[in-house]
1. Counting only C-alpha contacts under 8 Å and six or more residues apart, can you give the relative contact order of region A:194-243 as a whole percent?
2. Which residue, B:ALA148, B:GLY48, B:GLY186, has the largest displacement toward the positive end of the dipole of chain B when charges sit on each Cβ (Lys, Arg +1; Asp, Glu -1)?
3. Which is the longest part of chain B that has none of the trypsin sites (Lys or Arg not before Pro) sitting in a DSSP loop with at most 14 other Cβ atoms within 10 Å?
4. Which aspartates and glutamates have a Cα lying under 13 Å from the Cα of A:LYS219, excluding residues fewer than 8 positions away in the same chain?
5. About the Cα centre of the protein assembly as shown, how large is the charge dipole given +1 on each Lys and Arg Cβ and -1 on each Asp and Glu Cβ? Please answer in debye to the nearest 20.
6. Gap in Å between the Cα centre of region A:203-252 and the Cα centre of region A:40-117?
7. Along the principal axes of its C-alpha atoms, what lengths does region B:97-196 span, in descending order and rounded to whole Å?
8. Restricting attention to region B:1-84, which GluC sites (Glu not before Pro) occupy a DSSP loop and are surrounded by at most 11 other Cβ atoms within 10 Å?
Amino acid sequence: MLTKRIIPCLDIKDGRTVKGTNFVNLRDAGDPVELGALYAQQGADELVFLDITATVEKRKTLSELVNKIAHHINIPFTVGGGISSVEDVQVLLQNGADKISVNTAAFKKPDLIHELANEFGSQCVVLAIDTRLEDDGQWYVYLNGGRTKTAMLCVDWAKQAVDLGAGEILLTSMNHDGTKQGFALEITRTLSELLPVPVIASGGGGAMEHFTDVFTTGKADAALAASIFHFKEIGIPELKQYLKQEGISVRL
Amino acid sequence: MKTVIIQYNAGNIRSVLYALSRIGVEATVTDDAATIRAADKVIFPGVGEASSAMQYLKERGMDALIRSLQQPVLGICLGMQLMCAHSEENDTACLGIFEETVRKFQPGDTGLKVPQIGWNEVRALRSPLFNGISEGAYYYFVHGYYAALGEHTIATADYVQPYSAALHKDNFYGVQFHPEKSAEVGERLLKNFIEL
């Protein structure tokens, strides 16, 4: 049976992991390659590396890092953060990334998704959506790391992106992100039932039962989290054991 | 020991190179017929679309080359599908090494998504390729088309229905999953192939 995936997310700045300061058993807590390898060894199903570097050197440092990751890590990984062209993606895939994620640039130029899917295949094109539930009861798309609101509804954008060739949706609820109060179950379920592609839920995972909820009620195909893994609040092996006992299909 | 990875117009080729390097195997990525013929082991990887891949191989005479290889050959994902007789992906005549045919997943009302993306169990293992690997081991799959069960099936997986996770005939092996991305059990399988 196909399993539900647990995906740790590592934020990268200037080639180093950010938020990664509280680790034990690591020689260098800031080294994303070493941290990624540790997660892989602990049973993470995939990894996401999100580059938040804002310098002109970004492209070069990122492609070098991706190359190092590809040499050392034996599970699939996605790279995202500021990707805006076919050339960006070409470099990252050539250096060994399995998938890339696009967000703001794809929203501003939806045809980018089509170009990427045509050139490299839908299987490596992940559309990341940051969304927020507003007072009118609707989920809106936000851009630029959540700083810019749009008038587009999350459901409409997700549907359009999949039609254009997005192979997976990485859905982050801004209402839930950082709260550790659980994932956004309703919007996750809505997208998962509506779309023919997998949905990765992100934002709000703070306890093991939140993962059960997002896989059962939320119908997510995968769940992504960062700080709870980085700060060892939840270990990947114990999380997967727990999910198995809860009757959820996981890789152990 | 010379291991080559066949270069053609499909993606994911370097991942295989890196995975081999993790298990201490130096490999060459090449489309040179003489180098491929002279290798001890040949890996035919790939992520991509069947008809454009077959057209590329045919234009360069690589279809006949692959069919004529005598040493152990391992097709991965699209590579394995291209070694089958026919693919429903754009109605493509493939290499015909395995008689099995490649069909599109028809999820119907199962609620399953296509392509299948993620880790799935591999069972009914019957090949030295799976030495030291347990029944029900998890491998990483990304595919919208599958090879049906047939006489050359040496491992099965289940998605929508049971299908061939791996095939074997004479010196030709194929795996639908990505051993290069399947953690320790993936590396073990690559090691088993190199040691055949």
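1. Values: 43 pairs, mean separation 19.7, N = 50.
Relative CO of region A:194-243 lands at 39 percent.
2. It is B:GLY186, whose Cα lies furthest towards the positive end.
3. Working: sites that count: B:LYS2, B:ARG60, B:ARG126.
With trypsin sites (Lys or Arg not before Pro) excluded where exposed in loops, chain B gives B:127-196 as its longest stretch.
4. Partners within reach: A:GLU186, A:GLU193.
5. Details: 41 positive and 54 negative charges, 140 e Å.
Dipole magnitude for the protein assembly as shown comes out near 680 debye.
6. When both Cα centres are located, 24 Å separates them.
7. Result for region B:97-196: principal-axis Cα extents of 43, 29, 19 Å.
8. On the way: sites: B:GLU26, B:GLU49, B:GLU59; in loops: B:GLU26, B:GLU49.
Taking region B:1-84 and a limit of 11 other Cβ atoms within 10 Å, the loop GluC sites (Glu not before Pro) found are B:GLU26.
The values are calculated or read from the model by the stated rules, or taken from the named source; none is laboratory data. For clarity, every value in this text was computed on a predicted model and none was experimentally measured. When we count neighbours, we look across all protein chains shown, and the Cβ atoms used for this are built from the backbone with ideal geometry, even at glycine. Protein only, heavy atoms only, side chains kept; ligands, DNA and RNA dropped before computing areas. Shrake-Rupley method; radii C 1.70, N 1.55, O 1.52, S 1.80 Å.
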